[in-house]
There are 2 protein chains.
Amino acid sequence: MQSEELESILSILNKSGLKMTLEREVIIRFLLEHKDEHFSASEIFNRVREIRRIGIATIYRNLDLLIELHIIKKMTHDFPVPRYTICERDQKHGSHMLICTRCKDVKLIKEDWLMEIEERLQREFGFKVMDHQLVFSGIYSDCQKESCRIHGDRLTNR
Amino acid sequence: MQSEELESILSILNKSGLKMTLEREVIIRFLLEHKDEHFSASEIFNRVREIRRIGIATIYRNLDLLIELHIIKKMTHDFPVPRYTICERDQKHGSHMLICTRCKDVKLIKEDWLMEIEERLQREFGFKVMDHQLVFSGIYSDCQKESCRIHGDRLTNR
DNA sequence: ATAAATGCAAACTGTTTGCAGCTCC
DNA sequence: GGAGCTGCAAACAGTTTGCATTTAT
(Lines give C-alpha, C1' and ligand atoms only; values in the text may rest on other atoms or scores of the structure.)
Protein backbone atom coordinates (compact mmCIF):
# COMPACT_ATOMS: atom_id res chain seq x y z
CA MET A 1 0.00 0.00 0.00
CA GLN A 2 1.73 3.21 1.15
CA SER A 3 4.68 0.90 1.48
CA GLU A 4 7.16 3.59 0.53
CA GLU A 5 6.07 5.93 3.29
CA LEU A 6 5.72 3.10 5.74
CA GLU A 7 9.26 1.97 4.92
CA SER A 8 10.60 5.42 5.59
CA ILE A 9 8.86 5.57 8.94
CA LEU A 10 10.14 2.11 9.75
CA SER A 11 13.68 3.26 9.16
CA ILE A 12 13.16 6.22 11.49
CA LEU A 13 12.01 3.81 14.16
CA ASN A 14 14.90 1.47 13.58
CA LYS A 15 17.41 4.28 13.79
CA SER A 16 16.17 4.94 17.33
CA GLY A 17 16.14 1.32 18.36
CA LEU A 18 12.35 1.22 18.31
CA LYS A 19 10.21 -1.63 17.08
CA MET A 20 7.47 -1.74 14.51
CA THR A 21 4.78 -3.59 16.39
CA LEU A 22 1.49 -4.64 14.86
CA GLU A 23 -0.38 -2.07 16.95
CA ARG A 24 1.96 0.72 15.96
CA GLU A 25 1.69 -0.24 12.34
CA VAL A 26 -2.10 -0.16 12.37
CA ILE A 27 -2.08 3.32 13.90
CA ILE A 28 0.41 4.63 11.36
CA ARG A 29 -1.40 2.97 8.45
CA PHE A 30 -4.66 4.51 9.54
CA LEU A 31 -3.18 8.00 9.65
CA LEU A 32 -1.35 7.49 6.35
CA GLU A 33 -4.60 6.45 4.72
CA HIS A 34 -6.24 9.66 5.92
CA LYS A 35 -3.54 12.22 5.25
CA ASP A 36 -5.74 15.26 4.96
CA GLU A 37 -7.78 14.55 8.05
CA HIS A 38 -7.14 14.86 11.74
CA PHE A 39 -8.48 12.73 14.55
CA SER A 40 -8.83 12.80 18.29
CA ALA A 41 -7.14 10.08 20.30
CA SER A 42 -10.41 8.29 20.89
CA GLU A 43 -11.38 8.48 17.24
CA ILE A 44 -8.10 6.80 16.42
CA PHE A 45 -8.72 4.30 19.20
CA ASN A 46 -12.12 3.37 17.80
CA ARG A 47 -10.96 3.12 14.21
CA VAL A 48 -7.85 1.11 15.03
CA ARG A 49 -9.81 -1.20 17.29
CA GLU A 50 -11.87 -2.26 14.29
CA ILE A 51 -8.68 -3.67 12.80
CA ARG A 52 -6.99 -5.00 15.90
CA ARG A 53 -7.62 -5.31 19.62
CA ILE A 54 -5.77 -2.48 21.31
CA GLY A 55 -5.73 -0.59 24.61
CA ILE A 56 -6.23 3.16 24.86
CA ALA A 57 -2.90 3.54 26.69
CA THR A 58 -1.14 2.11 23.68
CA ILE A 59 -2.81 4.74 21.52
CA TYR A 60 -1.57 7.56 23.73
CA ARG A 61 1.91 6.14 24.13
CA ASN A 62 2.28 5.74 20.39
CA LEU A 63 0.89 9.16 19.57
CA ASP A 64 3.40 10.76 21.94
CA LEU A 65 6.21 8.76 20.46
CA LEU A 66 5.27 9.59 16.88
CA ILE A 67 5.07 13.27 17.74
CA GLU A 68 8.56 13.17 19.16
CA LEU A 69 9.79 11.62 15.95
CA HIS A 70 7.95 14.30 13.94
CA ILE A 71 5.97 11.66 12.13
CA ILE A 72 2.65 13.02 13.27
CA LYS A 73 1.50 16.39 14.54
CA LYS A 74 -0.76 17.39 17.40
CA MET A 75 -3.22 20.20 16.71
CA THR A 76 -4.61 21.90 19.74
CA HIS A 77 -6.40 24.99 18.55
CA ASP A 78 -9.94 25.46 19.74
CA PHE A 79 -10.86 21.80 19.56
CA PRO A 80 -12.49 20.20 22.56
CA VAL A 81 -9.58 17.76 22.63
CA PRO A 82 -6.30 17.65 20.69
CA ARG A 83 -6.35 16.20 17.20
CA TYR A 84 -3.61 14.33 15.39
CA THR A 85 -2.56 14.19 11.77
CA ILE A 86 0.29 12.72 9.80
CA CYS A 87 3.07 15.13 8.82
CA GLU A 88 3.50 15.98 5.18
CA ARG A 89 6.93 14.78 4.33
CA ASP A 90 7.80 17.41 1.74
CA GLN A 91 6.37 20.25 3.75
CA LYS A 92 8.47 22.12 6.22
CA HIS A 93 5.60 23.64 8.15
CA GLY A 94 2.08 22.66 9.04
CA SER A 95 -0.69 23.89 6.86
CA HIS A 96 -3.16 26.61 7.63
CA MET A 97 -6.65 25.92 8.87
CA LEU A 98 -10.02 27.44 8.17
CA ILE A 99 -12.66 26.64 10.76
CA CYS A 100 -16.19 27.62 9.90
CA THR A 101 -18.05 28.49 13.05
CA ARG A 102 -21.34 27.66 11.41
CA CYS A 103 -20.82 24.28 9.80
CA LYS A 104 -17.79 23.31 11.92
CA ASP A 105 -15.92 22.22 8.84
CA VAL A 106 -12.15 22.32 9.07
CA LYS A 107 -10.29 22.93 5.85
CA LEU A 108 -6.54 22.49 5.60
CA ILE A 109 -4.68 24.77 3.21
CA LYS A 110 -1.44 23.19 2.20
CA GLU A 111 0.40 26.26 0.94
CA ASP A 112 2.67 28.29 3.16
CA TRP A 113 1.63 31.91 3.18
CA LEU A 114 3.88 33.05 5.95
CA MET A 115 7.36 33.07 4.41
CA GLU A 116 7.48 36.83 4.36
CA ILE A 117 6.37 37.20 7.97
CA GLU A 118 8.89 34.62 9.11
CA GLU A 119 11.69 36.54 7.46
CA ARG A 120 10.48 39.62 9.26
CA LEU A 121 10.54 37.83 12.61
CA GLN A 122 14.11 36.77 11.98
CA ARG A 123 15.04 40.32 11.04
CA GLU A 124 13.18 42.28 13.67
CA PHE A 125 13.17 39.90 16.63
CA GLY A 126 16.09 37.60 15.97
CA PHE A 127 13.55 34.79 16.18
CA LYS A 128 14.18 31.72 14.05
CA VAL A 129 10.86 30.10 13.25
CA MET A 130 10.82 26.32 13.42
CA ASP A 131 7.11 25.81 13.08
CA HIS A 132 3.91 27.77 12.99
CA GLN A 133 0.22 27.25 13.40
CA LEU A 134 -2.27 29.51 11.72
CA VAL A 135 -5.96 29.12 12.26
CA PHE A 136 -8.72 31.30 10.93
CA SER A 137 -12.20 31.07 12.32
CA GLY A 138 -14.99 32.60 10.31
CA ILE A 139 -17.90 31.83 8.07
CA TYR A 140 -18.22 30.62 4.51
CA SER A 141 -20.48 32.75 2.36
CA ASP A 142 -22.73 29.72 1.82
CA CYS A 143 -23.12 29.34 5.54
CA GLN A 144 -24.08 32.96 5.97
CA LYS A 145 -27.20 32.40 3.89
CA GLU A 146 -28.54 29.03 4.81
CA SER A 147 -28.45 26.74 7.75
CA CYS A 148 -25.36 24.94 6.56
CA ARG A 149 -24.93 21.40 7.79
CA ILE A 150 -23.38 19.86 4.75
CA HIS A 151 -20.31 18.72 6.57
CA GLY A 152 -22.06 17.34 9.58
CA ASP A 153 -20.75 17.42 13.12
CA ARG A 154 -17.17 16.47 12.69
CA LEU A 155 -15.79 17.71 15.94
CA THR A 156 -17.21 15.63 18.72
CA ASN A 157 -14.89 14.30 21.41
CA ARG A 158 -15.05 10.70 20.39
CA MET B 1 -8.49 52.25 38.68
CA GLN B 2 -9.33 50.87 35.22
CA SER B 3 -12.76 52.23 36.00
CA GLU B 4 -13.45 53.19 32.43
CA GLU B 5 -12.87 49.69 31.13
CA LEU B 6 -14.62 48.15 34.08
CA GLU B 7 -17.62 50.40 33.45
CA SER B 8 -17.80 49.34 29.85
CA ILE B 9 -17.72 45.68 30.86
CA LEU B 10 -20.36 46.34 33.48
CA SER B 11 -22.65 47.76 30.84
CA ILE B 12 -22.17 44.68 28.68
CA LEU B 13 -23.20 42.54 31.64
CA ASN B 14 -26.21 44.71 32.39
CA LYS B 15 -27.37 44.58 28.81
CA SER B 16 -27.60 40.80 29.13
CA GLY B 17 -29.31 40.86 32.49
CA LEU B 18 -26.20 39.61 34.24
CA LYS B 19 -24.92 40.79 37.58
CA MET B 20 -21.58 42.19 38.60
CA THR B 21 -20.79 40.11 41.61
CA LEU B 22 -17.79 40.67 43.78
CA GLU B 23 -16.22 37.44 42.60
CA ARG B 24 -16.75 38.35 38.97
CA GLU B 25 -15.31 41.77 39.53
CA VAL B 26 -12.14 40.44 41.13
CA ILE B 27 -11.58 38.11 38.20
CA ILE B 28 -12.09 40.88 35.67
CA ARG B 29 -9.93 43.33 37.61
CA PHE B 30 -7.13 40.81 37.79
CA LEU B 31 -7.18 40.25 34.05
CA LEU B 32 -7.47 43.98 33.33
CA GLU B 33 -4.43 44.61 35.50
CA HIS B 34 -2.44 42.07 33.49
CA LYS B 35 -3.49 42.88 29.95
CA ASP B 36 -0.45 41.53 28.17
CA GLU B 37 -0.32 38.28 30.03
CA HIS B 38 -2.33 35.09 29.92
CA PHE B 39 -3.17 32.70 32.69
CA SER B 40 -4.47 29.20 33.20
CA ALA B 41 -7.71 28.73 35.11
CA SER B 42 -5.88 27.59 38.20
CA GLU B 43 -3.44 30.48 38.07
CA ILE B 44 -6.41 32.82 38.03
CA PHE B 45 -7.98 30.80 40.82
CA ASN B 46 -4.90 31.16 43.01
CA ARG B 47 -4.42 34.84 42.32
CA VAL B 48 -8.06 35.74 42.83
CA ARG B 49 -8.23 33.67 46.00
CA GLU B 50 -5.62 35.95 47.52
CA ILE B 51 -8.12 38.77 47.22
CA ARG B 52 -11.32 36.94 48.00
CA ARG B 53 -12.50 33.48 48.96
CA ILE B 54 -13.78 31.79 45.80
CA GLY B 55 -14.54 28.33 44.46
CA ILE B 56 -12.90 26.87 41.38
CA ALA B 57 -16.30 26.26 39.79
CA THR B 58 -16.99 29.98 39.93
CA ILE B 59 -13.75 30.62 38.10
CA TYR B 60 -14.71 28.28 35.29
CA ARG B 61 -18.27 29.53 35.07
CA ASN B 62 -17.11 33.11 34.84
CA LEU B 63 -14.40 32.40 32.32
CA ASP B 64 -16.92 30.69 30.06
CA LEU B 65 -19.32 33.56 30.43
CA LEU B 66 -16.71 36.20 29.71
CA ILE B 67 -15.61 34.32 26.63
CA GLU B 68 -19.16 34.27 25.34
CA LEU B 69 -19.36 38.02 25.83
CA HIS B 70 -16.02 38.42 24.02
CA ILE B 71 -14.52 40.11 27.04
CA ILE B 72 -11.76 37.56 27.41
CA LYS B 73 -10.16 35.10 25.06
CA LYS B 74 -9.14 31.48 25.47
CA MET B 75 -5.81 30.46 23.98
CA THR B 76 -5.35 26.80 23.41
CA HIS B 77 -2.27 26.38 21.30
CA ASP B 78 0.28 23.92 22.58
CA PHE B 79 -0.13 24.82 26.21
CA PRO B 80 -0.61 22.03 28.71
CA VAL B 81 -3.94 23.65 29.60
CA PRO B 82 -5.87 26.55 28.05
CA ARG B 83 -4.84 30.08 28.98
CA TYR B 84 -7.02 33.16 29.23
CA THR B 85 -6.38 36.80 28.49
CA ILE B 86 -8.42 39.97 28.33
CA CYS B 87 -9.46 41.12 24.85
CA GLU B 88 -7.96 44.30 23.50
CA ARG B 89 -10.86 46.59 23.00
CA ASP B 90 -9.55 48.48 20.00
CA GLN B 91 -8.19 45.38 18.35
CA LYS B 92 -10.35 43.33 16.09
CA HIS B 93 -8.23 40.22 16.19
CA GLY B 94 -6.03 38.47 18.66
CA SER B 95 -2.35 39.12 18.58
CA HIS B 96 0.35 36.86 17.27
CA MET B 97 2.47 34.72 19.52
CA LEU B 98 6.11 33.77 19.52
CA ILE B 99 6.94 30.76 21.64
CA CYS B 100 10.59 30.06 22.19
CA THR B 101 11.12 26.34 22.53
CA ARG B 102 14.30 26.92 24.50
CA CYS B 103 13.36 29.47 27.14
CA LYS B 104 9.57 28.86 26.95
CA ASP B 105 8.95 32.59 26.80
CA VAL B 106 5.72 33.64 25.14
CA LYS B 107 5.75 37.00 23.44
CA LEU B 108 2.57 38.63 22.20
CA ILE B 109 2.82 40.81 19.10
CA LYS B 110 -0.03 43.24 19.03
CA GLU B 111 0.05 44.21 15.36
CA ASP B 112 -2.08 42.46 12.80
CA TRP B 113 0.06 41.11 10.00
CA LEU B 114 -2.60 39.07 8.30
CA MET B 115 -4.84 41.64 6.63
CA GLU B 116 -3.63 40.69 3.21
CA ILE B 117 -4.11 36.99 3.75
CA GLU B 118 -7.59 37.53 5.11
CA GLU B 119 -8.58 39.45 2.01
CA ARG B 120 -7.26 36.59 -0.05
CA LEU B 121 -9.36 34.09 1.90
CA GLN B 122 -12.44 36.18 1.27
CA ARG B 123 -11.60 36.38 -2.43
CA GLU B 124 -10.48 32.84 -3.11
CA PHE B 125 -12.56 30.84 -0.66
CA GLY B 126 -15.54 33.06 0.10
CA PHE B 127 -14.46 32.74 3.72
CA LYS B 128 -15.12 35.71 5.98
CA VAL B 129 -12.56 35.73 8.77
CA MET B 130 -13.92 36.59 12.19
CA ASP B 131 -10.82 35.77 14.19
CA HIS B 132 -7.44 34.20 13.79
CA GLN B 133 -4.73 32.67 15.87
CA LEU B 134 -1.15 32.71 14.73
CA VAL B 135 1.57 31.04 16.73
CA PHE B 136 5.19 30.69 15.82
CA SER B 137 7.43 28.31 17.66
CA GLY B 138 11.14 28.72 17.26
CA ILE B 139 14.28 29.96 18.94
CA TYR B 140 15.63 33.40 19.78
CA SER B 141 19.16 33.98 18.59
CA ASP B 142 20.22 34.51 22.22
CA CYS B 143 18.85 31.13 23.13
CA GLN B 144 20.72 29.45 20.31
CA LYS B 145 24.02 30.40 21.91
CA GLU B 146 23.60 30.04 25.61
CA SER B 147 21.48 28.03 27.96
CA CYS B 148 18.74 30.64 28.12
CA ARG B 149 16.63 30.61 31.23
CA ILE B 150 16.06 34.30 31.67
CA HIS B 151 12.31 34.05 31.58
CA GLY B 152 11.99 31.10 33.89
CA ASP B 153 9.41 28.37 33.62
CA ARG B 154 6.28 30.27 32.89
CA LEU B 155 4.14 27.50 31.58
CA THR B 156 3.40 25.11 34.37
CA ASN B 157 -0.16 23.86 34.83
CA ARG B 158 -0.89 25.77 37.97
C1' DA C 1 -39.06 39.60 45.02
C1' DT C 2 -36.64 36.88 42.15
C1' DA C 3 -33.41 35.72 38.68
C1' DA C 4 -28.74 35.05 38.78
C1' DA C 5 -24.61 33.56 41.04
C1' DT C 6 -22.04 31.09 44.50
C1' DG C 7 -19.59 27.16 47.23
C1' DC C 8 -19.18 22.60 47.89
C1' DA C 9 -18.72 17.97 46.76
C1' DA C 10 -19.50 14.53 43.64
C1' DA C 11 -19.30 13.19 38.91
C1' DC C 12 -17.10 13.13 34.51
C1' DT C 13 -13.61 13.02 30.81
C1' DG C 14 -9.35 12.66 28.87
C1' DT C 15 -4.77 11.22 29.86
C1' DT C 16 -0.99 8.95 32.44
C1' DT C 17 1.23 5.36 35.12
C1' DG C 18 2.73 0.88 37.37
C1' DC C 19 3.21 -3.60 36.53
C1' DA C 20 3.00 -8.36 34.94
C1' DG C 21 3.15 -10.62 30.74
C1' DC C 22 4.09 -10.70 25.74
C1' DT C 23 6.63 -9.70 21.21
C1' DC C 24 9.77 -8.23 17.98
C1' DC C 25 14.72 -8.01 16.62
C1' DG D 1 17.68 -13.27 25.42
C1' DG D 2 16.41 -8.99 26.45
C1' DA D 3 14.95 -4.39 25.45
C1' DG D 4 10.90 -2.62 24.00
C1' DC D 5 6.00 -2.90 23.90
C1' DT D 6 1.35 -4.16 25.35
C1' DG D 7 -3.21 -4.48 28.07
C1' DC D 8 -5.35 -3.69 32.17
C1' DA D 9 -6.81 -1.21 35.96
C1' DA D 10 -5.97 2.21 39.03
C1' DA D 11 -4.55 6.92 39.56
C1' DC D 12 -4.59 11.56 38.11
C1' DA D 13 -5.80 16.34 36.50
C1' DG D 14 -8.73 19.52 34.72
C1' DT D 15 -13.39 20.65 34.15
C1' DT D 16 -18.43 20.33 34.77
C1' DT D 17 -22.73 19.61 37.26
C1' DG D 18 -26.52 19.35 40.92
C1' DC D 19 -28.19 21.45 44.65
C1' DA D 20 -28.99 24.16 48.67
C1' DT D 21 -27.86 28.86 49.91
C1' DT D 22 -26.69 33.64 49.08
C1' DT D 23 -26.57 38.01 46.50
C1' DA D 24 -27.45 41.79 43.20
C1' DT D 25 -30.80 44.49 41.05
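The values are calculated or read from the model by the stated rules, or taken from the named source; none is laboratory data. A quick note: this is a predicted structure, and the numbers were derived from the prediction, not measured. Glycine also receives a Cβ, built like all others from the backbone with ideal geometry; neighbour counts cover every protein chain displayed. These area figures cover heavy atoms from the full protein model, side chains too; ligands, DNA and RNA do not enter into them. Shrake-Rupley method; radii C 1.70, N 1.55, O 1.52, S 1.80 Å.
General remarks:
- Taking 19 Å as the straight-line reach from the Cα of A:Lys19, the aspartates and glutamates in range (excluding those fewer than 8 positions away in the same chain) are A:Glu4, A:Glu5, A:Glu7, A:Asp64, A:Glu68.
- For chain A: relative contact order, % (alpha-carbon pairs under 8 angstrom, 6 or more apart): 21
- Around the Cα centre of the range B:25-124, unit charges on the Cβ atoms of Lys, Arg, Asp and Glu (plus for the first two, minus for the last two) sum to a dipole of about 480 debye.
- Working from Cα pairs under 8 Å separated by at least six residues, relative contact order for the range B:1-90 is 28 percent.
- Kirkwood hydrodynamic radius of the range A:3-61, from inverse mean 1/r over distinct Cα pairs, in Å: 12.0
- Rounded to whole Hz, the Karplus (6.51, -1.76, 1.60) HN-Hα couplings of the range B:25-36, x for glycine and proline: 5, 5, 4, 5, 4, 4, 5, 5, 6, 9, 3, 8
- Copy-to-copy label separations for B:Lys107, where each label sits 7 Å from Cα toward Cβ, in nm and ascending: 3.3
- Placing a label point 7 Å from Cα along the Cα-to-Cβ direction at B:Glu124 gives distances to the equivalent points in the other copies of 2.3 nm, listed shortest first.
- Only helical runs count toward this figure. For chain B, summing -39,500 (n - 2.57) over DSSP H runs of n ≥ 4 and dividing by all residues gives -12000 deg cm²/dmol at 222 nm.
- HN-Hα J in Hz across the range A:99-111 - Karplus 6.51, -1.76, 1.60, θ = phi - 60°, x for Gly and Pro: 10, 8, 6, 7, 9, 6, 5, 10, 9, 9, 9, 7, 6
- Considering only chain A, percent of DSSP beta bridges that pair antiparallel, nearest 5: 65
- Distances from B:Arg52 to itself in the other copies, using label points 7 Å out along the Cα-Cβ axis, amount to 5.6 nm in increasing order.
- Surface share of carbon and sulfur [accessible, 1.4 angstrom probe, percent] for the range A:1-90: 50
- Of the whole protein surface, A:His70 contributes about 140 Å² of accessible area at a 1.4 Å probe radius.
- With a 1.4 angstrom probe, the accessible area lost at the B-A interface totals about 3000 Å².
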